[in-house]
1. Of everything in segment 66-75, what is assigned to a loop (DSSP other than H, G, I, E, B) and touching an Asp or Glu at 6+ places or on another chain (Cβ under 9 Å)? Give them in sequence order.
2. Given the criteria modelled with pLDDT of 95 or more, aliphatic (A, V, I, L, M) and in contact with a Lys or Arg (Cβ under 8 Å, 6 or more places away or on another chain), does I15 qualify?
3. Which of the residues belonging to segment 83-129 are farther than 18 Å from D13 by Cβ, among the aliphatic types (A, V, I, L, M) and outside any strand (DSSP E or B)?
4. Condition first: surrounded by fewer than 16 Cβ atoms within 10 Å (Cβ to Cβ), among the hydrophobic types (A, V, I, L, M, F, W, C), farther than 15 Å from A24 by Cβ and out of contact with any strand residue (DSSP E or B) (no Cβ under 6 Å at 6 or more places or on another chain). Can you find one or more residues in segment 146-165 that meet it?
5. Go through segment 80-120 and give me each residue that's hydroxyl-bearing (S, T, Y) and modelled with pLDDT of 95 or more.
6. Could you grab the pairs with beta carbons closer than 9 Å, sequence gap of 6+ or different chains, first residue in segment 106-127 and without any contact (Cβ under 8 Å) to a residue 24 or more places away in the chain, second one crowded, with 21+ Cβ neighbours inside 10 Å and not in a helix (DSSP H, G or I)?
7. For segment 130-173, what are the residues that are touching an Asp or Glu at 6+ places or on another chain (Cβ under 7 Å) and assigned to a loop (DSSP other than H, G, I, E, B)?
8. Sort through Y40, Y44 and tell me the only one that's touching a residue at least 12 places away in the same chain (Cβ under 8 Å), surrounded by fewer than 14 Cβ atoms within 10 Å (Cβ to Cβ) and at negative phi.
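The values are calculated or read from the model by the stated rules, or taken from the named source; none is laboratory data. Since the model is a prediction, treat every value here as computed from it, not as a measurement. Counting neighbours? That spans all protein chains shown, and the Cβs are built from the backbone with ideal geometry, glycine included.
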Amino acid sequence: MTSILVIIDMQNDFITGSLGTENAISVLPKVINKAKSYDYGNIYVTMDTHNSDYLNTLEGKKLPILHCIKGTDGWNIPTELYNYVHNSNIIEKSSFASFNLAEKLFLRSQVESIEIELTGVCTDICVISNALLLRSKMPNVKISVDPSCCAGTSVNAHNYAIEIMKMCQIDIL
């Protein structure tokens, strides 16, 4: 069984930048510590990626805060995490969930037995979206989330997302 770690959107704008939170700051060392225990080839990292026209998109109209604009410091993975994931599978995504991530992991599941652990931000937006997409794509693959390595837009939103994932057969560590 191959254990795969997925780190969702641990980027500067979600940690200390325009959408940063104290919770995200506090989980960063835990995510780094977890990444240290995985081989590069078994770590997948998503990066929320927008262009300068973000405010004209549907998401930008509903969340009119510039964030994760490709090429900016806010778009980058914090250096202390990047040092452990720079040789990993880094996947840019422009929406909450990544079909590219789901397809890559699905293809791996066709040639080897895998289990997937998710961490990252925001629990109630991108983590849950990716967890449910992966669950839908791979109904027989063990998928888990480590809540201590995730941060939501608020503590309540984080907790609600964890409960929803639990109801959708995502294991909560």
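1. First, pick out the residues of segment 66-75 that are assigned to a loop (DSSP other than H, G, I, E, B): 66-68, 70-72.
Those that are assigned to a loop (DSSP other than H, G, I, E, B) and touching an Asp or Glu at 6+ places or on another chain (Cβ under 9 Å): L66, H67, C68, K70, T72.
2. Numbers: modelled with pLDDT of 95 or more: yes; aliphatic (A, V, I, L, M): yes; in contact with a Lys or Arg (Cβ under 8 Å, 6 or more places away or on another chain): no.
Spelling it out, it is not the case that I15 is modelled with pLDDT of 95 or more, aliphatic (A, V, I, L, M) and in contact with a Lys or Arg (Cβ under 8 Å, 6 or more places away or on another chain).
3. Of segment 83-129, the ones farther than 18 Å from D13 by Cβ are 83-84, 86-89, 97, 99-118, 128.
Filter once more, keeping what is among the aliphatic types (A, V, I, L, M): 97, 101-102, 105, 107, 111, 114, 116, 118, 128.
Correct list: A97, L101, A102, L105, L107, V111, I128.
4. yes
5. Within segment 80-120, the subset hydroxyl-bearing (S, T, Y) is 82, 84, 88, 94-95, 98, 109, 113, 119.
Scanning segment 80-120 gives S98, S109, S113, T119.
6. Cβ pairs passing all conditions: none.
7. V141, G152, T153, L173
8. Just a single option satisfies the conditions, and that option is Y40.
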